[in-house]
Amino acid sequence: MKIKKIIFSLAILTFLGCATQSKVSTPITEKNIFDKKVDSLIKIMTLEEKIGQLNQYNGFFFFFGPEPKDGAAAIKYDHLKKGLVGSMLNIKGVKDVKKIQKIAVEETRLGIPLLFGFDVIHGLKTISPIPLAEAASWDLEAIENSAAIAAEESAAVGINWTFAPMVDISKDARWGRVMEGAGEDPFLGSKIAFARVKGFQGTSFTNTKKIMACAKHFVGYGYSEAGRDYNTVDFSEFELQNNILPPFKACVDADVKTFMNSFNIVNGIPATGNAYLQRDILKKDWGFKGFVVSDWGSIAEMIPHGYAKDGKQAAEFAINAGSDMDMESYLYVEHLVSLVKEGKVKETTIDDAAKRILRTKFEMGLFENPYKYCNEEVERNTVGKKEFQDGVLDMAKKSIVLLKNENNLLPLKKSGQKIALIGALANDKTSPLGNWRIAADDNTAISVLEGMQKYTGNQINYKKGADVAIGTTLFVKETKINTSDKSEFGAAIEAAKNADVVVMVLGEHGLQSGEGRSRSDIGLPGVQQELLEEVYKVNKNIVLVLTNGRPLAIPWAAQNIPAIVEAWQLGTQSGNAIAEVLYGDYNPSGKLPVTFPRSVGQLPLYYNHMSTGRPSTNDPESVFWTHYIDEKTSPQFPFGYGLSYSKFEYSNLKLSSNSFTSNGEIKVSIQIKNTSTVKGKEVVQLYIRDLFGSIVRPVKELKEFKMVELNPNETKTIEFTINQKTITFFTANKIWEAEKGDFKVFVGGNSEDVLEAKFEFN
């Protein structure tokens, strides 16, 4: 009943406010209605209740038994009943969510509903490919649909807020969380960030299939030194503005409702306590109206960082810097009241944070119906439904990248062949789900073996060869890798001897990438490389299917194996997607969103690097240029790379003009022809280089891409537009602007194989 009283009171106040506004001809909009509701509510809240909205707790599961009497669970339960909690996380299922929400809206003084957050990264129960794999599709519509599937399934079980998308740019494959983002490029990353926010949130929360998104991690987390998670970072203001921030700005443009700050420091100050990032850039410069949540316990982590002396000071620094909600450190609810009374934190600062949080609850319609995400019939009819399976299968097929295909070994013949299928990952129904799928059940993915068995015309002989992981694998524990057991090599080798074609499924276990899972060696884990080489000795007709959460260094395979398929970790429909590609029922069109190195020693490695003063030499014997003495500087597979069963030929690059001014533009056209007998899709990519700038500019920057589908022998002309916006960057003047000068434009099927032309901006 309390919630109804508050809603009625707020409705009256809003009506009176609108009536007053009409006298001064201020138009009544949804925005100012929400603002008036928030203002009306904040006036009747105590300081403690305002601070309570800033407090987020992990689930404590008392509802499975008697009320907790002691410990952290008892504290959380007491705070919940007193209205000192604004959000809960890691609670799912309509029955349980409703129980918790009922306490908040029916047992507290003001009856303010809770937000329920969850890490829905690439699906809830129905799992899409890991985000890095999705990025390889370069298909923004498919990516948006994938997020929409995750949102609908999550909403059906009571979740109304996901901690996704992760939009960190990363240039180092050693970092485990590279699997969670869109790769190394800020332009592609921005496009994907926008699509994923729209997929999660839609255009209105009147649609109960949509949930709030969260752009994370703000900011610089993907630049962890040595690729080691939670490590320090160091980058310039120009790197921050030109490469790191753009995907986050794209999220704001997409009207993302929340941000999550990062664990790292920026310019010596932890992001959680960094006012420059959160107040100056995000809230002031970008006009972000939502709220910022800390990462798990990151407010307290300012103490071991050496920035705050204790929990009280950490709370002071965080709230003053613009961290609006405290995730699971307890410090706001413990210290903010006294900090306000001591004058170290202004109550207006508390008000601002609370208003931001309350506004999202009004926007989501939770005050009107706090149980809008608590429909058990919807839950029963939604989770795992066939339309979701169809959607994630489509996404999975589009995510696969063909890296090599000598002698047209692929696609496989559909009949009359003996196929040896080798590798523990080929018969794994859990690993393809990848990391960050905490609500999904083990053994729910379609394995490669199951997918290939649906094609009955060939004889499939499966042999494990060797385990990848040993022992129990858990999200919260280190994954132990098999580095010695080769006892089943013999059976695999024998199967290969008697096969026409060998399909080897090798790579990483699903829990070898993700948070806290950095690797110093990014080759094939354990004994898999040795297994590959031993099989190769008896049958060179090998198709290598890689299933992994990061770029791998596979120099031997790249040189010797005739066909290589990058299949990532593709989720629930993994095996079906891989089988369709292997047999040619789906023509692969994926392109790498990250650079694949030749060796780990090249890392960090990325296509959009700066030129040095000694980029090359005409003297083959000279040592005085940027290079390694034991490795090439070029990648194994460059950014944007990916083959097809079709063959595409680029020609006739034309510019409508060789120069343009601030109000003008240049049309760039290129012809692309499918020279094969197979219908296929190609991602046509446009890059530019600013040859001379106030700061050194990258050797190439992706500026646009288009996907084109061509029938056999069909030719199409693809057109792009270059204007002032295309060449704008954060200059030495510390503003975003376009500088006059000379440029190159490149168009092709990846970042290296391109046609080029020159133009000027006057």
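Derivation of every value follows stated rules applied to the coordinates shown; laboratory data play no part. Bear in mind the structure is a predicted one, so any value in this text is a computation, not a measurement. Reconstructed Cβ throughout: ideal geometry from the backbone, glycine too, with neighbour counts over all protein chains shown.
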Alpha-carbon centroids, the range 374-415 and the range 233-254: separation in whole Å: 32
Nearest-ten-degree value, helix 2-22 long axis tilted from longest Cα axis of the chain: 90
Highest average packing first - 228-240, 89-101, Cβ atoms within 10 Å: 89-101, 228-240
Degrees, to the nearest 10: 94-106 long Cα axis against longest axis of the chain: 30
Ellipsoid equivalent to the range 384-598 - semi-axes via the Cα gyration tensor, in Å: 23, 21, 17
Average Cα contact separation per residue, the chain, under 8 Å, 6 or more apart, as relative contact order %: 13
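Just to be sure I understand: of the beta bridges DSSP finds with both ends in the chain, what percent are antiparallel, rounded to 5?
55
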Cut-off 12 Å between beta-carbons: net charge of the residues surrounding LYS725, Lys and Arg +1, Asp and Glu -1: -2
Value of relative contact order over the range 384-598, rounded to a whole percent, pairs C-alpha under 8 Å and six or more apart: 34
Reported label for calculated semi-axes √(5λ) of the Cα gyration tensor in Å given (i) 47, 29, 22; (ii) 51, 30, 25; (iii) 45, 32, 25: (iii)
ASN32/GLU665 FRET efficiency (R0 45 Å; Cβ-Cβ; nearest 0.05): 0.75
Pairwise FRET efficiency - GLN529 versus THR612, Cβ, R0 = 41 Å, nearest 0.05: 0.80
Electrostatic dipole magnitude of the chain [Cβ: Lys, Arg +1; Asp, Glu -1; Cα centre; debye, to 20]: 1660
Overall form of the range 421-483 per C-alpha gyration tensor (a/c, 1.5; a/b vs b/c): oblate
Low-density loop cleavage sites - chymotrypsin sites (Phe, Trp or Tyr not before Pro) in the range 627-690, where at most 11 other Cβ are within 10 Å (DSSP): TYR628
Farthest toward positive dipole pole in the chain [+1 Lys/Arg, -1 Asp/Glu at C-beta], among THR382, LEU570, ASN405: THR382
0 to 90° range, to nearest 10: angle between helix 347-363 axis and the chain longest Cα axis: 70
Residue list for the range 246-275, given a label point 7 angstrom along the Cα-to-Cβ vector of ASP285 and an amide N cut-off under 15 Å: 246-253, 266-267, 274-275
The range 143-206 and the range 546-581: distance between their alpha carbon centers, rounded to Å: 23
Stokes-Einstein D in µm²/s, Kirkwood radius over Cα pairs - the range 679-762 at 25 °C with 0.890 mPa s viscosity: 174
Pairwise label distance in nanometres, THR206 with GLU67, each label 7 Å out on the Cα-Cβ vector: 4.0
Cα pair distances exceeding 26 angstrom across the range 230-379, given as percent: 31
Under 5 Å, built H, 5+ apart or other chain: amide partners of LEU412: TYR583, GLY584
Among 260-267, 282-289, the order from most to least packed when residues are scored by Cβ within 10 Å on average: 260-267, 282-289
Where labels lie 7 Å past Cα in the beta-carbon direction, separation of ASP78 and ILE629 in nm: 6.7
The chain - mean residue ellipticity at 222 nm from DSSP helices (-39,500 (n - 2.57) per run, n ≥ 4, rounded to 500): -8500 deg cm²/dmol
Reduced Cα scattering model of the range 589-712, Debye log10 I(q)/I(0), q = 0.14, 0.23 Å⁻¹: -0.87, -1.32
Two-site label geometry, ARG228 and GLU756: point separation in nm, points 7 Å out along Cα→Cβ: 3.8
Which of ARG109, ARG550, ARG689 has the fewest Cβ neighbours within 10 Å, and the rest in rising order: ARG109, ARG689, ARG550
